[in-house]
1. Find how many whole Å separate the alpha carbon centroid of the stretch 68-83 from the alpha carbon centroid of the stretch 19-34.
2. Give me P(r) over the stretch 41-89, computed from all C-alpha to C-alpha distances, binned every 5 Å, as integer percentages.
3. When N is the residue count of the chain, what does its C-alpha Rg come to as a fraction of 2.2 N^0.38 Å?
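Every read-out reported here was derived from the displayed coordinates using simple, explicitly stated rules and does not represent laboratory data. Being a predicted model, the structure only gives us computed values, none of them experimental.
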């Protein structure tokens with residue numbers, strides 16, 4: 001059996017309905033299933049509330065899935081020339 005997902009998925013949640021039939025009885029179960037998307041909502045928070053150019057700053061960040069659950073991520077911050085100026089990674093669990 002094959003299933004086709006929609007071309008565009010915004011939130012990453014779906015339900016799967018399965019029907020069982022044993023020749024006399026028919027039973028259906030519907031269960032939610034997560035769909036992993038390559039989308040994250042990443043927010044950066046400068047310590048002290050303001051980001052000042054040219055001054056060393058400590059910045060905290062959060063990464064959440066489209067279902068608003070915590071996500072693991074790693075990446076890099078680049079300057080206008082494309083040079084990596086910092087790397088970011090969520091703590092390992």
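1. 43
2. The distribution over the stretch 41-89 is 5, 17, 24, 25, 17, 9, 3, 0, given as percents.
3. 1.74
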